[in-house]
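Reviewing the structure listed below.
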């Protein structure tokens, strides 16, 4: 009995040891590859991109109008994707040199830092916090909280929200908190998710629905009887993120964005995807 | 340990939800009792079409989720011009749903009254309605009280799904508090206590009534 126990213990110890050794190997590997890529980065990130002659963009695949996978073709389509293609065209001369990888809000920064992607164009709001980890380009989409109403509604902006105006929002969202601050007279009704809130608006259970304009434009795209009104009343602008400390790449992207603005291409793409209130 | 500051800091919201839940429950209780009893009478009435209506109603609403009835009333009725807010649509849904169960409980109670009594009442010249009101229902009510009590307690607890209609009930307020404070456990424990404050007296009352009526036999 005792002997059996002892042999079991030996096996356990051996197993632990081997796990430890494996783990040690793993960390060693990591550090090696890490230092390897580090030495390569003596070249700046713009040059690196030009050398490999392609740009890998991290994009969303589940966001209406910005980056949505078409289940039929498997292609991701949207404003983010078109902007990325145009930028690639300007930097590398050909939009087919843009490559896309699907990211989520959670994975995008780690993937950028690991070098899986060169830039993030994925409805990413520029914040001070994120600036500690990545570099941002100029704003390419002015996102922020706005109001959605049925066409012909007397509500034209946040100023028209009076006492008793029913504003629909989503439970726990920052938009619900914001609207209470900015329009304290409003009756805010909070629902489980955007689909239910929009259904409630359609059923006239509220006068207006509030959340990020990017999501509201997606709803307008689905049902053109509704429109986004007024200016955004919070600032959550989207920017393109690249690896920290790559000023050359940021400048190249900013220059490209400026060029798109001046040659009208930006407006064209904006109109293609974002159907504003008309 | 429970964080009681959650309770004190959000006391107003809890109380608002509590009061709304009381309203919903009381209206729901009365509504579903009256409507459920009518349905039960429908189901056993000596007139086939009424039986069918009763059976179809009970089998339909007993077998679909309350959530769907509530959301349907909330979103579909406005398309035909009936605008009910979350509170009204939700309470109505609770009545529609619970009355199907109450109908079954009451029907079972009525059927447990020996048939001879109905026959005797009818042959002594009472109408069907009189027979029901004066002879059968007073006896049936004693048998029906325990299952009815269960349905009433369920109704109070089921009212928590009205949160999806932003009906302002206890659960809705709790959802808002928890999403704002990022505290889940404590918020819902306190909500459970508020529900207990409602349901414990209800079940005690039902037990008391049951005993008293048993004595009167």
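Only the coordinates and a few stated rules stand behind these numbers; no lab work does. The structure presented is a predicted model; accordingly, all values stated were derived computationally and were not measured. As a convention, Cβ positions derive from the backbone with ideal geometry for all residues, glycine included, and neighbour counts pool all protein chains shown.
For Cα pairs less than 8 Å apart in space and 6+ apart in sequence, what is the mean separation divided by the residue count of segment A:145-229, i.e. the relative contact order in percent? Could the numbers behind the result be given before it?
On the way: 151 pairs, mean separation 37.0, N = 85.
This gives 44 percent for segment A:145-229.
So what is the relative contact order for chain B, in percent, with contacts set as C-alpha pairs under 8 Å and at least six apart?
About 28 percent, as a whole number.
At what distance in angstrom do the alpha carbon centres of segment B:27-72 and segment A:160-237 lie from each other?
Between the Cα centre of segment B:27-72 and that of segment A:160-237, the gap is 37 Å.
In Å and from the alpha-carbon atoms only, list the Rg and Dmax of chain B.
When restricted to the Cα atoms of chain B, Rg and Dmax are 20.3, 68 Å.
Give me A:246, A:96 sorted ascending by neighbouring Cβ count inside 10 Å, so fewest comes first. Provide the component values of the computation, followed by the final result.
Numbers: A:246 21, A:96 10.
By the 10 Å Cβ count, ascending, the order reads A:96, A:246.
Compute the acute angle (0 to 90°) between the alpha-carbon long axis of helix B:11-44 and the principal axis of greatest extent of the alpha-carbon atoms of chain B; round to the nearest 10°.
20 degrees
Across the residues of B:157-165, average count of Cβ atoms on other protein chains within 10 Å?
Details: counts 0, 0, 0, 0, 0, 0, 4, 6, 5.
So the per-residue partner count for this stretch is 2.
What ranking do A:248-260, B:187-199 get when scored by the average of other Cβ atoms within 10 Å per residue, highest first?
Working: A:248-260: 18.8, B:187-199: 16.5.
With the highest mean Cβ count within 10 Å placed first, the list reads A:248-260, B:187-199.
Using only DSSP helix segments of four residues or longer, with each worth -39500 (n - 2.57), what per-residue ellipticity at 222 nm results for chain B after dividing by its residue count and rounding to 500? Numbers along the way, then the final one.
On the way: 9 runs with 165 residues, N = 217.
Rounded to the nearest 500, it is -26000 deg cm²/dmol.
To make sure I understand, if each residue's beta carbon is the centre and we count other beta carbons within 10 Å, what order do B:185, B:74 fall in, fewest to most? Let's see the in-between values first.
On the way: B:185 11, B:74 27.
Final ranking by Cβ density, sparse to dense: B:185, B:74.
Can you tell me what share of the DSSP beta bridges in the protein assembly as shown is antiparallel? A percent to the nearest 5 is fine. Walk me through the numbers before you get to the answer.
Working: 20 of 34 bridges.
That works out to approximately 60 percent antiparallel.
Any chance you could give the angle, 0 to 90 degrees and rounded to 10, that helix B:66-75 forms with the longest Cα principal axis of chain B?
So the inclination is approximately 70 degrees.
Among the DSSP beta bridges whose two residues both lie in segment A:145-229, what percent are antiparallel, rounded to the nearest 5?
Numbers: 8 of 15 bridges.
About 55 percent, rounded to the nearest 5.
Please report, to two decimal places, log10 I(q)/I(0) for the protein assembly as shown at q = 0.09, 0.11 Å⁻¹ as given by the Debye formula with identical point scatterers on the Cα atoms and no solvent.
For the requested q values the scattering log ratios are -0.84, -1.01.
Can you grab the distance from the C-alpha centre of segment A:69-85 to the C-alpha centre of segment A:101-130, Å, no decimals?
Cα centroid to Cα centroid, the span is 17 Å.
Taking chain B as the reference, fit the longest principal axis to its C-alpha atoms, fit the long axis of helix B:86-111 to the helix C-alpha atoms, and give the angle between the two in degrees, 0 to 90, nearest 10.
For helix B:86-111, the angle is close to 30 degrees.
Going by how many other Cβ atoms sit within 10 Å of their own, how do A:56, B:144 line up, fewest first?
A:56, B:144
Order the peptides A:97-106, A:171-180 from the highest to the lowest mean number of other Cβ atoms within 10 Å of their residues. Spell out each step's value before the answer.
Details: A:97-106: 16.2, A:171-180: 18.7.
The packing order, highest mean first, is A:171-180, A:97-106.
Is there a simple number for the mean count of other chain Cβ atoms within 10 Å of the Cβ of residues in A:202-210, and what is it? Could you put the intermediate results ahead of the total?
Values: counts 3, 11, 4, 10, 2, 0, 0, 0, 0.
The mean count of partner-chain Cβ atoms within 10 Å per residue comes to 3.
Determine, for each peptide in B:29-36, A:142-149, B:80-87, the mean count of other beta carbons within 10 angstrom over its residues, then list the peptides with the highest first.
On the way: B:29-36: 18.8, A:142-149: 22.5, B:80-87: 13.6.
Output ranking for B:29-36, A:142-149, B:80-87: A:142-149, B:29-36, B:80-87.
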